[in-house]
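The values are calculated or read from the model by the stated rules, or taken from the named source; none is laboratory data. Note that the structure is a prediction, hence the values are computed from the model and not measured. Don't worry about glycine lacking a Cβ; one is built from the backbone with ideal geometry, like all the others, and counts go over all protein chains shown. The area values use the complete protein model at the heavy-atom level, side chains included, leaving out ligands, DNA and RNA. Shrake-Rupley method; radii C 1.70, N 1.55, O 1.52, S 1.80 Å.
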Amino acid sequence: TSSRVIAIDGPAGTGKSTVSKLLAQRVGAHYLDTGAMYRAATLAVQRAGVSPDAPDSIAAVVDDARIELRADGSGGSRVFLDGEDVSAPIRTDEVTNAVSAVSAVPAVRSKMVALQRIHAVDDFVVVEGRDIGTVVFPDAQVKIYLTATPEARALRRHRQNLSAGRDSDFEQVLEGVNRRDHLDSTRTVSPLRPADDAVIVDTSDLSLEQVLDKLAGLVQTRT
Ligand code: C5P
């Protein structure tokens, strides 16, 4: 295919989603939020009443689920589960707390990876996730690994919660960040890690504008 791919990986709370969306707008690419797909799969599992520690049942539910990403017309994307727009319900704590378990199931990953590759065929895309540069698009033109200290990431999430009017306790958010990092980086299938040829960008002390400028510069020299 003639896809051009900008892969953006890294843990939660680095500003990855905001940066990826804005970068896609700036360089004229489509934006693919793979985390939203794993979240939609998790919602399907929860709605089916399946426990997060029953891999075979999880695999069966996700195999039957129809998960799609569609552009929202303003640079972002919406995710659909069996035709229903689930972009809001996939952001609840309930889903967030179970998504690492669901996304650790090999059959779930292989289905999502196949879908992600189809989405990118013959397109110019910014693809955001955990395993994009290592597994989904190992030949991506640009690979970026965004990182930041756990404290900086927890603080971002905490502020997001507060500004969205949600109750938030910093220590609890930090604990959640550490727990999800641990689960995502120690799973056997496609653990979270930078690709050997990824450019690592630490966003702890950078503004959104600074991160964007840096990434846009990388894209310009490589695509
Ligand atoms: O990016 P977001 O926080 O929405 O991702 C939610 C979860 O989905 C991650 O914590 C991870 O468990 C899983 N995920 C993944 N592979 C991806 C994207 C997300 O395993 N490419």
Quick one: which of 93, 123, 82, 64 is more than 12 Å from the ligand (Cβ to nearest atom) and under 21 Å from residue 177 (Cβ atoms)? 93
Evaluate the following for residue 4: is it among the charged types (D, E, K, R), out of contact with any Pro (no Cβ under 6 Å at 6 or more places or on another chain), within 10 Å of the ligand (Cβ to nearest atom) and touching a residue at least 40 places away in the same chain (Cβ under 8 Å)? no
Going through 147, 188 one at a time, which residue ends up being away from the ligand (no atom under 11 Å from the Cβ) and in contact with an Asp or Glu (Cβ under 6 Å, 6 or more places away or on another chain)? 147
When only residues in the stretch 102-120 that are among the small types (Gly, Ala, Ser) and in contact with a helix residue (DSSP H, G or I) (Cβ under 6 Å, 6 or more places away or on another chain) count, which is farthest from the ligand (Cβ to nearest atom)? 107
Only residues that are surrounded by 18 or more Cβ atoms within 10 Å (Cβ to Cβ) and farther than 11 Å from residue 14 by Cα: list them for the stretch 149-175, please. 158, 173, 174
Just to verify a result, which residue in the stretch 190-206, among those that are polar (S, T, N, Q) and over 19 Å from residue 27 (Cβ atoms), is surrounded by the fewest Cβ atoms within 10 Å (Cβ to Cβ)? 204
Filter the stretch 14-41 down to residues that are open to solvent by 10 Å² or more (accessible area, probe 1.4 Å) and of a type in the set (Gly, Ala, Ser) and give me whichever is farthest from the chain's Cα centre (by Cα). 28
Look at the stretch 165-216 and say how many of its residues are in contact with a Pro (Cβ under 6 Å, 6 or more places away or on another chain) and assigned to a loop (DSSP other than H, G, I, E, B). 1
Pull up the stretch 112-127, narrow it to residues that are over 19 Å from residue 20 (Cβ atoms) and touching a residue at least 60 places away in the same chain (Cβ under 8 Å), then point me to the one that is nearest to the chain's Cα centre (by Cα). 121
Kindly indicate which of 45, 50 is within 13 Å of the ligand (Cβ to nearest atom) and either surrounded by fewer than 19 Cβ atoms within 10 Å (Cβ to Cβ) or over 15 Å from the mean Cα position of the chain (by Cα) (or both). 45
Residue in the stretch 85-97 that is open to solvent by 10 Å² or more (accessible area, probe 1.4 Å), of a type in the set (S, T, N, Q) and at pLDDT 95 or above present: yes
